[in-house]
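The block underneath contains the structure these notes are about, expressed in structure tokens.
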Amino acid sequence: MGEGKAGIVDPISFLKDFAAGGISAAVSKTAVAPIERVKLLLQVQHVSKQIPEDQRYKGMVDCFVRIPKEQGFASYWRGNLANVIRYFPTQALNFAFKDKYKKLFLDGIDKEKEFWRHFAGNLASGGAAGATSLCFVYPLDFARTRLAADVGKGERYERIPRIGRLYYEDIQI
């Protein structure tokens with residue numbers, strides 16, 4: 001990806017690939033955001049202070065029908081911007097860290113002669129890259145979840161910067 005002659009990285013090609021990947025992810029994440037929001041609401045409703053026991057969703061169909069009535073149609077995409085913003089640094093960090101971890105785990109291993117060792121090293125480098133990336137982007141993932149799980153009409157968590165402060169107030173730390 002993004003390599004020119006003799007394996008040298010072409011920055012223009014890399015940026016085009018990166019932008020294409022980011023745009024396609026933004027479109028796909030936006031398209032499935034209503035399903036993601038319904039899934040999150042169903043997962044957190046039993047511990048949410050905002051949803052009394054008698055007003056809990058009965059299932060996916062009930063949730064899909066009630067969201068636009070109670071919170072407005074646009075609330076299907078609540079938390080989607082944080083999700084889209086999170087994608088770009090995640091991919092960039094995964095790309096950068098995977099190469100570093102590959103050098104660490106796969107240096108001196110012949111793919112043809114030591115297939116399983118190479119396979120395990122490749123698996124470990126991908127996992128380590130993902131875990132390292134998550135250390136940096138977890139706050140955005142947390143923000144997305146808090147925004148999507150908010151069912152109030154006033155949108156308690158309406159802005160990403162307020163989320164951390166309000167969360168700590170909620171759990172009384």
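Residues checked against (1) aromatic (F, W, Y); (2) modelled with pLDDT under 95; (3) under 26 Å from A19 (Cα atoms); (4) under 25 Å from the mean Cα position of the chain (by Cα):
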residue: A92; (1), (2), (3), (4): no, yes, yes, yes
residue: F95; (1), (2), (3), (4): yes, yes, yes, yes
residue: Y101; (1), (2), (3), (4): yes, yes, yes, yes
residue: E112; (1), (2), (3), (4): no, yes, no, no
Could you list, in sequence order, the residues of region 12-68 that are surrounded by fewer than 16 Cβ atoms within 10 Å (Cβ to Cβ) and β-branched (V, I, T)? I12, I23, V27, T30, V32, I35, V47, V61, V65
Within the set of pairs 6 or more residues apart or between chains, which connect a residue that is over 14 Å from D150 (Cα atoms) inside region 66-95 to a residue that is polar (S, T, N, Q) and at pLDDT 85 or above with Cβ atoms less than 8 Å apart? V84/T30; P89/S133; T90/S133; L93/T132; L93/S133; N94/S133
Does any residue of region 36-49 turn out to be modelled with pLDDT under 85 and either outside any helix (DSSP H, G or I) or closer than 20 Å to K98 by Cα (or both)? yes
Tell me, please, whether a residue that is at pLDDT below 90, in contact with a Gly (Cβ under 6 Å, 6 or more places away or on another chain) and not in a helix (DSSP H, G or I) can be found in region 51-73. no
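The values are calculated or read from the model by the stated rules, or taken from the named source; none is laboratory data. What you see is a predicted model, and the numbers here were worked out from it, not measured in a lab. Ideal geometry is used to build each Cβ from the backbone, glycine not excepted, and the neighbour counts take in all protein chains shown.
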